[in-house]
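The values are calculated or read from the model by the stated rules, or taken from the named source; none is laboratory data. None of these values were measured; they are calculated from a predicted model. Positions of Cβ are backbone-derived with ideal geometry, glycine not excepted, and every protein chain shown enters the neighbour counts. Ligands, DNA and RNA are excluded from the accessible area calculation, which covers all protein heavy atoms including side chains. Shrake-Rupley method; radii C 1.70, N 1.55, O 1.52, S 1.80 Å.
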Amino acid sequence: MQTIRRMRAWSPEPGLAVGLALVLPLTLVLLCLLVYPVFRLFAIAMPDGLGFGAFVDYFQNAARVRSLIVTFRDSAAVAVLATAMGFVLAWTLVASPSRLLRGFVWLAVSLPLLMGTVVKNYALLLLLQRRGVVNSLLVGSGLVDQPLSLLYNEAAVVIGILYTLLPYAVVPIFATLLTINFDMIRAAESMGAGRFTAIRTVVLPLALPVMMGTAMLIFVVSVGFYVVPVVLGGPTSPFIATLIQNDMEQFFDLKSAAVAAIILIALSLAAIIATLAVIGADQFRKSVGS
């Protein structure tokens, strides 16, 4: 009996030791896979101590600056197009009365997720090449006199990345549209607004924060693409990831590769911070959680 009384009273809240034990694995993962690599990048980029000389040299190289511009220009185009197309497809999934149309859209949205990266890129390669399906249809229909140059340019890179990331724009916007009360749209229409005006004045303002968060996430993911620019863009559309790979494997210039990686991380963080400042942390969590 005395032994039982000496035992500690049960509490539904875990103790400090249990909490530390639960947090320890995540802390180790973050230290090993995030904190340490970032510190190593800075150590390689600045072997002589803190200074911006390596970054100044990087921006004085025209080829590297061009890859930076191409990367962020194409990624911004993908983010805008994916968000706009994602809204149209998500609205179709929410508002269309046709089950057949909704099923077809879901199939089209899900298909890129079911294919590997190599399969998707070589499928687009077959579609966009000079004697591919797209050019054959254009020439056969008489819309153009000769095949168009659809490959090995920035447009091909944008199409390839857009096809890969479009599902990640549709899903969060679709989840947001499900929370909108359609009675507000009917009320706007009953007061004389057309369907397009009702969507523009009622639906878009409610979905805009999540759309902006989605665009930012797609932009950040796009800047790190490697396979699509190599396969579809070629040397005319160099991405930063391609440049980093060349510095490491062909020129053995780890310093330039580390500088490029730091610039890529810094600009991506700037895009995230700017989006958080505009839409707020709550809306950002909704776009990520959806």
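Quick look at the values:
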| quantity | calculated |
| --- | --- |
| Qualifying residues in the range 28-62 (those that are of a type in the set (Gly, Ala, Ser) and outside any helix (DSSP H, G or I)) - the one nearest to the chain's Cα centre (by Cα) | Gly51 |
| Tabulated pairs, the range 223-238, first touching a residue at least 60 places away in the same chain (Cβ under 8 Å), second among the basic types (Lys, Arg) and open to solvent by 50 Å² or more (accessible area, probe 1.4 Å), C-beta under 8 angstrom, 6+ apart or interchain | Pro238/Arg66 |
| Options Ala266, Ala241, Ala271, Ala277: the member that is closer than 30 Å to Asp57 by Cα, open to solvent by 40 Å² or more (accessible area, probe 1.4 Å) and assigned to a helix (DSSP H, G or I) | Ala266 |
| Test: residue in the range 189-199 that is over 15 Å from the mean Cα position of the chain (by Cα), of a type outside the set (Gly, Ala, Ser), open to solvent by 30 Å² or more (accessible area, probe 1.4 Å) and under 30 Å from Leu124 (Cα atoms) | no |
| Any chance Val221 is open to solvent by 60 Å² or more (accessible area, probe 1.4 Å) and part of a helix (DSSP H, G or I) | yes |
| The range 155-187, residues that are modelled with pLDDT of 90 or more and among the aromatic types (Phe, Trp, Tyr) | Tyr163, Tyr168, Phe174 |
| Residue match in the range 84-95 (condition: within 30 Å of Ala260 (Cβ to Cβ), in contact with a Phe, Trp or Tyr (Cβ under 6 Å, 6 or more places away or on another chain), surrounded by 12 or more Cβ atoms within 10 Å (Cβ to Cβ) and at pLDDT 90 or above) | no |
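Table: residues versus (1) open to solvent by less than 20 Å² (accessible area, probe 1.4 Å); (2) assigned to a helix (DSSP H, G or I); (3) of a type in the set (S, T, N, Q).
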position: Gln146; (1), (2), (3): no, no, yes
position: Ile161; (1), (2), (3): yes, yes, no
position: Arg186; (1), (2), (3): no, yes, no
position: Leu206; (1), (2), (3): no, yes, no
position: Ala215; (1), (2), (3): no, yes, no
